[in-house]
Amino acid sequence: MVTTIREGIVFHPQYLDAAAQEALLRHIREAAKAAPLFTPEMPRTGKPFSVRMTNMGSLGWVSDRENGYRYQEAHPVTGRPWPPIPPLLLDLWRDVSGYAAPPEACLVNFYGSSARMGLHQDRDEQDLDAPVVSVSLGDSALFRIGGTVRGGKTQSLKLASGDVLVFGGPERLCFHGIDRIYPGTSTLLKDGGRINLTLRRVYKPSH
Ligand code: MD3
Ligand code: FE
């Protein structure tokens, strides 16, 4: 099943079945061994995020007090290149993105039961024509989507393990965030919590 939430936002509930979620989780565990989860900081204030992160792909998103939000080729702690994006995710991107070039970055967000992500826009990418594709694993979350200006009306959507969301066109710059995690709603992660993957292009394909 596929539903359009609004122009530019396409929802694929349960895109990944249980076996595919397990397979994807194995890839993420391998990636997190090579590129451990780190705690990003807010630019200038250095306030830590409650979400921990890592990346796969040629580029990864990072943030710290000194240098702020950015994409870089190396892990901020180990200094090593990010592990590759697994083929399963490249296939998924090809299937749902409608975008010819493959993603350069897969940001992996890990939420413990009390983690959240405030409303924000994703605008650190140069290629805003490419969509962002999100994959949810583990406990369900309450996702909130606003418009392209801060302070407008918002819509909420519960995201469950295996759900895929595609944000493109006019919605690429909408405000969005995670209000809460619902502990105990999935058995995929033994210790609970939620993983969100976002597949992104950073540079235009011609770059
Ligand atoms: C809409 N992640 O990593 S995924 C993020 O569940 C982020 O971890 C949330 O917001 C999470 O930046 C939400 C859905 C999502 C991701 C990226 C978007 C929606 C988006 C970029 C542009 C518009
Ligand atoms: Fe975001």
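The values are calculated or read from the model by the stated rules, or taken from the named source; none is laboratory data. Every value quoted in this text rests on a predicted model; they were computed, and no experiment measured them. Here Cβ is always computed from backbone atoms with ideal geometry, including for glycine, and neighbour counts include all displayed protein chains.
Worth a mention:
- Residues of the stretch 43-75 classified as outside any strand (DSSP E or B) and either among the hydroxyl-bearing types (Ser, Thr, Tyr) or surrounded by 15 or more Cβ atoms within 10 Å (Cβ to Cβ) (or both), total: 11
- Looking only at residues of the stretch 90-107 that are outside any loop (DSSP other than H, G, I, E, B) and within 15 Å of ligand 1 (Cβ to nearest atom), we find that the one that is surrounded by the most Cβ atoms within 10 Å (Cβ to Cβ) is CYS106.
- Matching residues in the stretch 77-105 - criterion: being on the phi > 0 side of the Ramachandran plot and in contact (Cβ under 8 Å) with a residue 24 or more places away in the chain: GLY98
- Residue tally, condition away from ligand 1 (no atom under 13 Å from the Cβ) and under 29 Å from SER113 (Cβ atoms), over the stretch 183-207: 10
- With respect to the conditions (1) in a helix (DSSP H, G or I); (2) free of Cβ contacts under 8 Å to residues at least 60 places away in the same chain, LEU24 lacks only one, and its number is (2).
- Among the residues of the stretch 108-143, those that are within 13 Å of ligand 2 (Cβ to nearest atom), part of a strand (DSSP E or B) and surrounded by fewer than 18 Cβ atoms within 10 Å (Cβ to Cβ) comprise GLY118, LEU119, HIS120.
- Of all residues in the stretch 58-93, those satisfying the criterion of being among the β-branched types (Val, Ile, Thr) and within 14 Å of the chain's Cα centre (by Cα) are VAL62, ILE85.
- In the stretch 174-207, the residues that are β-branched (Val, Ile, Thr) and either touching a residue at least 12 places away in the same chain (Cβ under 8 Å) or farther than 17 Å from VAL135 by Cα (or both): ILE178, ILE181, THR185, ILE195, THR198, VAL202
- Every residue from the stretch 154-173 that is touching a strand residue (DSSP E or B) at 6+ places or on another chain (Cβ under 8 Å), within 8 Å of ligand 1 (Cβ to nearest atom) and free of Cβ contacts under 8 Å to residues at least 60 places away in the same chain: LEU159
- Single match in ARG200, ARG172, ARG194 (criterion: of a type in the set (Lys, Arg), within 15 Å of ligand 2 (Cβ to nearest atom) and modelled with pLDDT under 95): ARG172
- Leading residue by the ranking (farthest from TYR203 (Cα to Cα)) among those in the stretch 94-136 that are among the acidic types (Asp, Glu) and more than 15 Å from the chain's Cα centre (by Cα): ASP95
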